[in-house]
Amino acid sequence: MDFFQSQETLTATEWILRAVVAFFFLLIVSKVLGQRAISQLRPLDFAIALVIGNIIAHPLSDENLGLKGSIITTIVLVVLYVGGVYLLLKWSWFRKLFTPPPITLVQNGKILNKGLKKARISLDVLMEELREDKIEDVKKVALAIWEADGKISVFLDPKYEPLTPYALQLETEPFDFPRTIIKEGKIDEAALTHIQKDERWVIERLEKHYQTEPKNVLLATLDRNDTLKVFLYK
C-alpha cells in the first residue's frame, strides 16, 4: 500500500491504483453529499469534473512534477468514467445506486415533510423553487417532485393552469422560429439560401424600411411571413 504514502517516485501500477482509489472515494463522497450539494451533475460527472482539471494543472505549474503520473491518472479516470456510464445504461441496479428515484415533496397542495427530509431539502428551499416558478401559494400545486438532477418539477392543479388557445378551442398559426439573417453587421448567406432570399433583397428591405445598411444592424430576423425585425446598434 505504498501508493497511499508520499514518495518521490511511483511506478505506473501505483499511479493506476491511486487513481482507482481516488475515483471510488469521490463517488462515495458525492453519494454522501447528496444530489442537491453537487447541483445538476451526476455523481460520475461530479467525480470526473472535480479531479481532472487539478491533475493536469499541477505538473504544468510546478517544475518539480513530471507529466507521467498526471497522464496515467487521467487515462485511468477516463476509462473508469466511460465504464461507469456504460454500467448506468446496461444495469438498472447500478443506475438506481447513483441515480436516486424521484421524491414527492408536495401532493394535492400538501407539503410532505417526509419527502423533504429524504431529499435533504429545507422548507425555505422548496418555497424558493416555487417562487422561481411564479407560484405564490403551495395550495395551487398538484404535484412537486424532486428529480435526480437536483431540480424540482412542479405541476399546478388544472384549475390554476393558465388558459391556452387549445383550451378555448381557438385556431392558431403553426409554430415558426424566425431565422437570423444578420448578426453583428454580417449577413448570414447560408440562412438566406435556405429561405430562398439573397443579399440584395435584404439590403433593399433595410434601406426601404429602416434607412440603414447591414453594417449598422446588431441583429435581424425573418419569419415565414417575410416579416423583418431589425435591432440596430445604439
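The values are calculated or read from the model by the stated rules, or taken from the named source; none is laboratory data. Keep in mind that what you see is a predicted model, and the values were worked out from it rather than measured. Heads up, the Cβs are rebuilt from the backbone with ideal geometry, glycines too, and the neighbour counts pull from every protein chain shown. Quick note on the areas: whole protein, heavy atoms, side chains included, nothing else; ligands and nucleic acids left out. Shrake-Rupley method; radii C 1.70, N 1.55, O 1.52, S 1.80 Å.
Assorted remarks:
- Checked against the criterion of being free of Cβ contacts under 8 Å to residues at least 40 places away in the same chain and within 27 Å of the chain's Cα centre (by Cα), the candidates Glu171, Glu132 yield just one match: Glu132.
- Taking first residues from segment 148-168 that are under 30 Å from Lys96 (Cα atoms) and open to solvent by 60 Å² or more (accessible area, probe 1.4 Å) and partners that are assigned to a loop (DSSP other than H, G, I, E, B) and modelled with pLDDT under 85, the Cβ contacts under 9 Å between residues at least 6 apart in sequence or on separate chains come to Lys151/Gln40.
- Here the condition is being farther than 30 Å from Glu136 by Cα, at pLDDT 90 or above and not in a loop (DSSP other than H, G, I, E, B); of Val202, Val154, it holds for Val202 alone.
- Candidate set: segment 157-186, residues that are more than 30 Å from Leu219 (Cβ to Cβ) and of a type in the set (Asp, Glu); chosen: the one modelled with the highest pLDDT: Asp157
- Just so you know, in segment 190-223 the residues that are open to solvent by 40 Å² or more (accessible area, probe 1.4 Å) and within 31 Å of the chain's Cα centre (by Cα) include one that is farthest from Glu173 (Cα to Cα), and it is Leu218.
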